[in-house]
Amino acid sequence: MNRRDFLKKMAFTSAAVAAVSLFPGVLFADEQHDQDNELTWKKSPCRFCGVGCGLLIGTLQGKAVAVKGDPESPVNKGLCCVKGYHSVQALYGEDRLQKAMVRKNGTLVEVPIDEALDLVATKLGETIAKSGKNSVSIYGSGQWAIPDGYVASKLFKGCIGTNNVEANARLCMSSAVTGFISTFGLDEPMGCYEDIDHADTFVLWGNNMAEMHPVLFSRILDRRQKNPDVKIIDLATRMTRTSSMANHTFLFYPNTDIAIANAICYEIIRTNSFDKNFIEDHIAFKKGKVNIGYGLEDHFSFSDEAKAVNFNDYKKFLEDYTPEKVEKITGVKAADIRYLASLYSGKKRNVVSFWCMGVNQHTRGTWMNNVIYNIHLLVGKISQPGNGPFSLTGQPSACGTVREVGTLTHKLPHGVVTNKKDRKLAAKIWQVPVENIPDKPTYHTVEMFRALDRGDIKFMWIQVTNPMVTMPNLKRYRDAAKKEDRFIVVSDVYPTPTTDIADVILPSAMWIEREGMFGNSERRTQHWDQLLSPPGEAISDGWQIIEVAQRLGYKQQFYYKKEKYIEQIWKEYTQFHDDPKHRMASYEQLKKFPGVMWPYVEGKETTWRYNSKYDPAASPQKKFDFYGKPDHRAWIWLRPYESPPESPNNEYPLWLCTGRVIEHWHSGSMTRRIPVLHRAVPEAYMEMHPQDAKSRGIRNGETVQVKSRRGSIKIKVVLNGRGAPVEGQVFVPFFDENLLINELTIDAFCPISKQPDYKKCAVQVERV
Ligand SMILES: Nc1nc2c(c(=O)[nH]1)N[C@H]1C(S)=C(S)[C@@H](COP(=O)(O)OP(=O)(O)OC[C@H]3O[C@@H](n4cnc5c(=O)[nH]c(N)nc54)[C@H](O)[C@@H]3O)O[C@H]1N2
Ligand SMILES: Nc1nc2c(c(=O)[nH]1)N[C@H]1C(S)=C(S)[C@@H](COP(=O)(O)OP(=O)(O)OC[C@H]3O[C@@H](n4cnc5c(=O)[nH]c(N)nc54)[C@H](O)[C@@H]3O)O[C@H]1N2
Ligand code: SF4
Ligand SMILES: [Mo]
């Protein structure tokens, strides 16, 4: 039976079971054993989302059999969502990869893992010798444990000497990164989850928190239950489970959110409800380039600028965004925009804004981040309990590994490659000559795959990510990876469309089968011990890299011992953070606590940054100190609304939005092997508005053809499903490797962050 049939069989052998979102404090398996006290319970952060719930995992005879929320975790206080409860079953899919495989005469055959690692090292060495350092690359993940991302960066940037290091977080939070940098000068979230316990208003900018950050959302609901005046505002392009729990949902036309944010700022200024003193003391106004394009062409390059302007210039700029004008652009009523402005500026209201992919996956993603900051900065509601903009990360270690270790082409651990001081420090800690580390970034993710297409990149090592499901405009990049003379190494735990195109497959030890650390959305680092033995010859991603580095001769730099490499790496890595702005907990502290938020200074976690009451790095002379920028100010940016690269027309009359459902994790490789989750949502489908279906003669459950300029698939239509798109829009989740919606999505991106826009392109839908 091939994988496709296997997944289908799994889905249909039993009746569909609806997965429930929250079971407070229940464990999923084997209560009997728990009562008998036979289980050993150990802590670990959840394998799945960026909330980073603390779990207790019950093991019995070498197998993980039970899960419950850790009551001592300040993140979830004993709660857990359906993915967390069933998470350990992701370890036990029937087709877990246990042996390395190598492609011989076109077919993948099993080989001993040492032979596969030898081949990876030989190919890497040969490719560098033949085509140069910049012809080899590593593409990793926000699901990399921190030490794994660290050794990847050390091998490629430090030893080999190429900045060809990227991670799937480019597709996920790079607009948040560039948003933070342009407004605050530092890529770091300022608030923490405790904000929820002090806020009165929650504004969600197009994120579906009820399904994607469920435990955090339950904390919001809990806050509202105890304080009936608390308001949850859902700004979105479609109705979701989040909408059904919100006080108000305001639906806007795709891509027009910048206009809404600007209108809120216009209204705050018109009603004189901005914080004059805060602005005088802490804000600078800046104007950047406009009409910046969409990155669709090859060899794309772009540089922004920051022209100093003043408050009056800003006021004038906002005149294009009166609520009446913006109603026409966005579809949100002028009165509703005024209401939103009044919530943000209300003297007695604490406001937290949350966002995730609606804002970041946007061809103006950086600007969208900027304009949400603008609102909070205008009213001075930032960096204090219950007041703040909160950029959510999606993956369990997007913040920990990608942001903090810096596994993107332009980054170093807490530094950037373009800064000489940062390169010097890295070279010293890594024991390599400083000249080894190139001072210019090379390829961001989309460009890296375009370079693979062109042949500029010939070797790519892919770890903990499944790009042959999750890249936009997929066919183009799959064809690139399949080209002759390209060598692709894939480390994974299951067979996937990405292992299908591999020349070498390395089986990985997953999550609690090895020791590791993740860092969640609120700067909390969480450690877990190895609780189980990995299957077959599987080894951790980090140790795979170390083995290859040692084979390449970097024995001095990769001195680690197998029994304690995680501890050795942590001790080395924390040397990068040795100042009050970034100090991290020690290995021993991490082992002891259910997570520690950095900066961790003199035994204290930092809860609110830039606020001198809480942040040891802020100057005690002032209440706030935005020390990331040389002028110690946060920058309000003049960012206009600009149209998207592709909009519906006569031929392609509908907007396509893509995203997720609570039961599945991204490409589904793990959650489709958890029976209860797979059965709940066995295959992808397309949500459509009943009127759009009617006008095309399409009935509920019927299969249709959906087509964009880049590709087409046949898929079942669901009317009145859990998410309800408005007329003129359809939605498809991307978890199903048999229904690859990314064949249709567009590879346009934000020219500043290079993050693609998976949330909108134009499609046509026809009966088949
Ligand atoms: N169950 C589950 N949870 C997950 C994940 C998972 O795969 N499964 N993945 C995790 C990861 S890595 C991530 S990144 C997050 C994603 O979390 P979310 O961003 O919350 O989820 P998505 O489904 O990607 O986003 C869908 C939403 O985008 C909004 N949107 C569409 N167009 C626009 C627009 O033009 N502007 C704005 N502002 N919004 C728009 C729509 O309102 C839509 O509901 O989830 C994390 N949590
Ligand atoms: N259409 C569309 N596409 C999207 C998005 C969207 O909203 N719409 N969102 C984008 C975003 S925000 C994200 S974050 C990406 C996510 O995209 P991916 O990272 O490509 O998706 P995952 O399914 O999380 O892939 C993780 C892979 O790692 C494997 N794995 C699990 N544990 C381990 C381990 O310990 N070691 C190794 N080596 N492998 C392991 C899993 O089996 C899986 O194949 O998708 C992006 N693509
Ligand atoms: S909310 Fe996220 S971290 Fe928490 S249990 Fe669910 S998937 Fe895991
Ligand atoms: Mo993501």
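The values are calculated or read from the model by the stated rules, or taken from the named source; none is laboratory data. This one's a predicted model, so the numbers in the text were calculated from it and none came from an experiment. Neighbour counts are summed over all protein chains in view; Cβ atoms, including those assigned to glycine, are modelled from backbone coordinates with ideal geometry.
The single residue among 376, 362, 282 that is free of Cβ contacts under 8 Å to residues at least 60 places away in the same chain, away from ligand 3 (no atom under 16 Å from the Cβ) and buried (at least 19 other Cβ atoms within 10 Å of the Cβ) turns out to be 376. Within region 637-659, being crowded, with 18+ Cβ neighbours inside 10 Å, more than 25 Å from the chain's Cα centre (by Cα) and away from ligand 1 (no atom under 15 Å from the Cβ) holds for 638, 652. The criterion of being under 23 Å from the mean Cα position of the chain (by Cα), within 16 Å of ligand 2 (Cβ to nearest atom), modelled with pLDDT of 95 or more and not aliphatic (A, V, I, L, M) does not hold for residue 367. Screening region 81-110 for residues that are under 11 Å from residue 507 (Cβ atoms) and surrounded by fewer than 23 Cβ atoms within 10 Å (Cβ to Cβ) and picking the one that is nearest to the chain's Cα centre (by Cα) gives 96. Hey, can you tell me all the residues within region 51-90 that are within 16 Å of ligand 2 (Cβ to nearest atom) and at positive phi? Result: 52, single match. Could you tell me whether any residue of region 46-65 is within 16 Å of ligand 1 (Cβ to nearest atom), under 22 Å from the mean Cα position of the chain (by Cα), not acidic (Asp, Glu) and not in a loop (DSSP other than H, G, I, E, B)? Yes; the residues of region 46-65 include at least one that is within 16 Å of ligand 1 (Cβ to nearest atom), under 22 Å from the mean Cα position of the chain (by Cα), not acidic (Asp, Glu) and not in a loop (DSSP other than H, G, I, E, B).
You will find that of 412, 408, the residue that is closer than 30 Å to residue 46 by Cα, within 16 Å of ligand 1 (Cβ to nearest atom), assigned by TED's automatic domain parsing to the domain that holds residue 145 and in contact (Cβ under 8 Å) with a residue 40 or more places away in the chain is 408 and no other.
Taking first residues from region 462-483 that are more than 20 Å from residue 136 (Cβ to Cβ) and partners that are β-branched (Val, Ile, Thr) and assigned to a helix (DSSP H, G or I), the Cβ contacts under 7 Å between residues at least 6 apart in sequence or on separate chains come to 466/498. Only residues that are surrounded by fewer than 16 Cβ atoms within 10 Å (Cβ to Cβ), assigned to a loop (DSSP other than H, G, I, E, B), of a type in the set (S, T, N, Q) and at pLDDT 95 or above were counted across region 695-737, and they come to 1.
The condition (being among the β-branched types (Val, Ile, Thr) and part of a loop (DSSP other than H, G, I, E, B)) is satisfied by just one residue among 401, 366, 418: 418. I'd like to know if region 705-728 contains one or more residues that are farther than 18 Å from residue 474 by Cβ, hydroxyl-bearing (Ser, Thr, Tyr) and within 13 Å of ligand 2 (Cβ to nearest atom). Taking every residue of region 705-728 in turn, none turns out to be farther than 18 Å from residue 474 by Cβ, hydroxyl-bearing (Ser, Thr, Tyr) and within 13 Å of ligand 2 (Cβ to nearest atom). Scanning region 613-634 for residues that are surrounded by fewer than 22 Cβ atoms within 10 Å (Cβ to Cβ) and either among the aromatic types (Phe, Trp, Tyr) or over 21 Å from residue 179 (Cβ atoms) (or both) yields a total of 9. Being touching an Asp or Glu at 6+ places or on another chain (Cβ under 7 Å) and within 18 Å of residue 54 (Cβ to Cβ) is the filter; apply it to region 591-607 and report the residue that is modelled with the lowest pLDDT. Ranking the candidates gives 594 first.
Being within 23 Å of residue 141 (Cβ to Cβ) and assigned by TED's automatic domain parsing to the domain that holds residue 143 is the requirement here; does residue 548 meet it? Yes: the conditions hold for residue 548. One residue stands out among those in region 660-677 that are surrounded by fewer than 22 Cβ atoms within 10 Å (Cβ to Cβ) and not in a loop (DSSP other than H, G, I, E, B): the one that is nearest to ligand 3 (Cβ to nearest atom), which is 676. Taken residue by residue, region 249-257 has at least one member that is within 16 Å of ligand 1 (Cβ to nearest atom), more than 25 Å from residue 611 (Cβ to Cβ), touching a strand residue (DSSP E or B) at 6+ places or on another chain (Cβ under 6 Å) and free of Cβ contacts under 8 Å to residues at least 24 places away in the same chain.
Pairs, please: C-beta under 9 Å, at least 6 apart or cross-chain, first residue in the same structural domain as residue 460 (by TED's automatic domain parsing) and on the phi > 0 side of the Ramachandran plot and in region 128-139, second at pLDDT 95 or above and not basic (Lys, Arg)? From region 128-139, the pairs are 132/162. Of the residues in region 122-144, at least one is part of a helix (DSSP H, G or I) and touching a Leu at 6+ places or on another chain (Cβ under 8 Å). Assuming residue 55 fulfils every condition listed in (1) touching a residue at least 60 places away in the same chain (Cβ under 8 Å); (2) closer than 25 Å to residue 660 by Cα apart from one, which condition is it? Unmet for residue 55, out of (1) touching a residue at least 60 places away in the same chain (Cβ under 8 Å); (2) closer than 25 Å to residue 660 by Cα: (1). Among the residues of region 360-382, the ones that are within 12 Å of ligand 4 (Cβ to nearest atom) and among the hydrophobic types (A, V, I, L, M, F, W, C) come to 0 in all.
Residues that are at pLDDT 95 or above, of a type in the set (Gly, Ala, Ser), surrounded by 24 or more Cβ atoms within 10 Å (Cβ to Cβ) and within 23 Å of the chain's Cα centre (by Cα): does region 424-437 have at least one? Checked region 424-437: no residue is at pLDDT 95 or above, of a type in the set (Gly, Ala, Ser), surrounded by 24 or more Cβ atoms within 10 Å (Cβ to Cβ) and within 23 Å of the chain's Cα centre (by Cα). Checking each residue in region 508-543 for being closer than 18 Å to residue 491 by Cβ and in a strand (DSSP E or B) picks out 508, 516, 518, 539. Checking residue 391 against (1) within 16 Å of ligand 3 (Cβ to nearest atom); (2) in contact with a Phe, Trp or Tyr (Cβ under 7 Å, 6 or more places away or on another chain); (3) among the hydroxyl-bearing types (Ser, Thr, Tyr), only one condition comes out false. Which one? Of (1) within 16 Å of ligand 3 (Cβ to nearest atom); (2) in contact with a Phe, Trp or Tyr (Cβ under 7 Å, 6 or more places away or on another chain); (3) among the hydroxyl-bearing types (Ser, Thr, Tyr), only one is false for residue 391: (1). Among the residues of region 163-191, the one identified as modelled with pLDDT of 95 or more, surrounded by fewer than 23 Cβ atoms within 10 Å (Cβ to Cβ) and either within 16 Å of ligand 3 (Cβ to nearest atom) or in a loop (DSSP other than H, G, I, E, B) (or both) is 185.
Residues in region 66-93 that are part of a loop (DSSP other than H, G, I, E, B) and of a type in the set (S, T, N, Q): 73, 76.
The condition of being more than 16 Å from ligand 4 (Cβ to nearest atom) and of a type outside the set (Phe, Trp, Tyr) holds for residue 385. Among the conditions (1) more than 16 Å from ligand 4 (Cβ to nearest atom); (2) over 16 Å from residue 456 (Cβ atoms); (3) in contact with a helix residue (DSSP H, G or I) (Cβ under 8 Å, 6 or more places away or on another chain), the only one that residue 149 does not satisfy is (1).
If I ask for residues that are closer than 22 Å to residue 402 by Cα and either among the aliphatic types (A, V, I, L, M) or not in a loop (DSSP other than H, G, I, E, B) (or both), which ones from region 464-487 would you list? Of everything in region 464-487, those that are closer than 22 Å to residue 402 by Cα and either among the aliphatic types (A, V, I, L, M) or not in a loop (DSSP other than H, G, I, E, B) (or both) turn out to be 464, 467, 468, 469, 470, 471.
Against the numbered list (1) part of a loop (DSSP other than H, G, I, E, B); (2) more than 23 Å from the chain's Cα centre (by Cα), residue 607 comes up short only at (2).
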